[in-house]
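Q: I have a structure here, written as structure tokens, and I will follow up with some questions on it.
Taken together, the values in this text are just the output of simple stated rules run on the coordinates, not laboratory data. Just so you know, these numbers come straight off a predicted model, no measurement behind them. With ideal geometry, Cβ positions are generated from the backbone for all residues, glycine too; neighbour counts draw on all protein chains shown.
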Amino acid sequence: MIPTKVRIGSVDYFVTEHAGLHDNGHELLGHVLYDCTAIKLEEHMPVQRKVGVLIHEIVHAVFHEAGYTEQDEDMVTRLGNVLHGVLRDNDFEYVRKAGE
């Protein structure tokens, strides 16, 4: 269900699941590492939540690849929530076919 790789711009980010993600002593549901192009997700959460967290981390990576090094967490969260719904509720097969 969860992809192991997501291409963002021209960069492949590798998605892995881990137990007990932390950053400076704070528990995390997800984390993106730009230098090694990795997205880490907490493995112990429902799939629906995991997909939402993955999309949130993808938004961070999209901003980073677009050159935005400073990111507002509230904006990333809001955009990720809306994007999650758009991706879930629509069929984007036509986008792939238009590139053929």
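Q: So what's the net charge close to G20: Lys and Arg +1, Asp and Glu -1, counting the other residues with Cβ under 10 Å from its Cβ?
A: With Lys, Arg at +1 and Asp, Glu at -1, the neighbours total -3.
Q: Can you compute the modelled spin-label distance between V95 and T77, with each label point 7 Å from Cα toward Cβ, in nm?
A: Placing both labels 7 Å beyond Cα along the Cβ direction yields 2.5 nm.
Q: Still on this structure, please answer the following. Under the definition of Cα pairs under 8 Å and six or more residues apart, what whole-number percent is the relative contact order of the range 5-98?
A: That works out to 21 percent.
Q: Tally the DSSP beta bridges in the range 5-98 and give the antiparallel ones as a percent, rounded to 5.
A: If I count the DSSP bridges inside the range 5-98, around 65 percent turn out antiparallel.
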